[in-house]
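Worksheet for the structure shown next.
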Amino acid sequence: MGSMDHFSFGWLTPVLSYAMACVGAALGLRCTLRAMSATGASRRNWLLTAAAAIGSGIWTMHFVAMFGFTVDGTELRYDVPLTVLSLLVAIAVVGLGVFVVCHGRHRSRSLLLGGLTTGLGVAAMHYLGMAAVRIHGELHYRFGTVALSVLIAVAAATAALWAAVTIRNVYAAAAASLVMGIAVSCMHYVGMAAVHVHMEPARTGLGGATPMQFVLPLAVGLGSFLFLTAAFVSLSPTAQENAAYREAGELAVEELGRAA
């Protein structure tokens with residue numbers, strides 16, 4: 001069995017991956033907060049943005065944490081299509097959960113259904129991302145630990161969705177994002193604790209991309225997306241600001257009418 005190291009860069013990868021999960025969660029909660037006070041197409045667009053922010057944050061957390069994963073006696077590569085598919089799965093399942101909760105008639109039932117769907121999807125994203133790993137050997141999993149990681153994912157997703165539709169205060173949403181980051185990180189490392197490796201003689205070269213080949217697309221692509229999303233959310237007026245603008249406009253029209 002191959003000897004594994006999940007922290008080959010020390011605390012750098014756990015801390016950085018946790019920060020990425022928190023950023024995605026904070027942006028997602030902020031977008032969901034805007035969606036709850038919007039209607040029609042505006043509400044749908046805010047929810048889609050929230051799903052993209054939270055899903056990409058979870059996926060980025062997983063991938064950054066994987067930079068610290070090494071196996072003695074073999075290099076690691078990643079199947080690019082499977083890795084990209086895991087990102088799409090993360091965004092899709094978070095989007096489904098957010099829409100179920102925000103549009104459901106029964107809040108408790110919607111939370112349970114949305115949390116279950118999203119948690120299973122997040123777990124699927126994690127293990128799909130692990131299926132993309134290419135080594136000179138095979139990855140196997142301990143069923144009990146895998147089941148625990150799935151339970152953590154479902155609990156974390158349910159709590160995140162509850163926070164998304166319940167919390168109205170910006171500071172409380174920021175605190176919730178820190179808790180969500182901890183939950184997602186715990187799910188990842190519990191899932192990694194389920195892994196054990198059976199090495200095989202290296203007969204052929206490994207296909208796929210090296211971890212370092214993902215650094216530039218990851219930094220430029222998702223980093224730019226999260227930055228632009230943060231800027232968009234910061235510059236977009238809230239429902240209260242829109243109401244104040246409308247009231248100011250109505251007062252201005254009334255004053256013009258009196259002056260005329």
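Against the condition open to solvent by 20 Å² or more (accessible area, probe 1.4 Å) and of a type in the set (Ser, Thr, Tyr), how does Ser149 come out, does it pass? No; evaluated as a whole, the condition is false for this residue. Scanning the stretch 132-154 for residues that are over 24 Å from Leu111 (Cα atoms), out of contact with any helix residue (DSSP H, G or I) (no Cβ under 6 Å at 6 or more places or on another chain) and part of a helix (DSSP H, G or I) yields a count of 2. Being touching a residue at least 40 places away in the same chain (Cβ under 8 Å) and in contact with a Phe, Trp or Tyr (Cβ under 6 Å, 6 or more places away or on another chain) is a description that does not apply to Pro201.
Condition first: in contact with a helix residue (DSSP H, G or I) (Cβ under 8 Å, 6 or more places away or on another chain), surrounded by fewer than 20 Cβ atoms within 10 Å (Cβ to Cβ) and either in a helix (DSSP H, G or I) or on the phi > 0 side of the Ramachandran plot (or both). Now tell me which residues in the stretch 155-171 satisfy that.
To start, the set of residues in the stretch 155-171 that are in contact with a helix residue (DSSP H, G or I) (Cβ under 8 Å, 6 or more places away or on another chain) comprises 155-165, 167-168, 170.
Narrowing further to those that are surrounded by fewer than 20 Cβ atoms within 10 Å (Cβ to Cβ): 155, 159, 162, 167-168, 170.
Once the filter is applied, which keeps residues that are in contact with a helix residue (DSSP H, G or I) (Cβ under 8 Å, 6 or more places away or on another chain), surrounded by fewer than 20 Cβ atoms within 10 Å (Cβ to Cβ) and either in a helix (DSSP H, G or I) or on the phi > 0 side of the Ramachandran plot (or both), the stretch 155-171 yields Ala155, Ala159, Trp162, Val170.
Specify the residue that is farthest from the chain's Cα centre (by Cα); the eligible residues are those in the stretch 68-83 that are β-branched (Val, Ile, Thr) and open to solvent by less than 20 Å² (accessible area, probe 1.4 Å). Checking each candidate, the answer is Val71. Filtering the stretch 137-170 to residues that are closer than 23 Å to Met4 by Cα, of a type outside the set (A, V, I, L, M, F, W, C) and out of contact with any Gly (no Cβ under 9 Å at 6 or more places or on another chain) leaves Glu138, His140, Arg142, Gly144. Among the residues making up the stretch 36-67, none is more than 18 Å from the chain's Cα centre (by Cα) and surrounded by 23 or more Cβ atoms within 10 Å (Cβ to Cβ). Tell me which residues, restricted to the stretch 118-143, are without any contact (Cβ under 8 Å) to a residue 40 or more places away in the chain and open to solvent by less than 80 Å² (accessible area, probe 1.4 Å). Across the stretch 118-143, the qualifying residues are Gly119, Gly121, Ala124.
The number of residues in the stretch 158-179 being over 20 Å from Leu96 (Cα atoms) and without any contact (Cβ under 8 Å) to a residue 40 or more places away in the chain comes to 5.
The values are calculated or read from the model by the stated rules, or taken from the named source; none is laboratory data. Not measured: the values here are computed from a predicted model. Here Cβ is always computed from backbone atoms with ideal geometry, including for glycine, and neighbour counts include all displayed protein chains. With ligands, DNA and RNA removed, areas are computed over all heavy atoms of the protein, side chains included. Shrake-Rupley method; radii C 1.70, N 1.55, O 1.52, S 1.80 Å.
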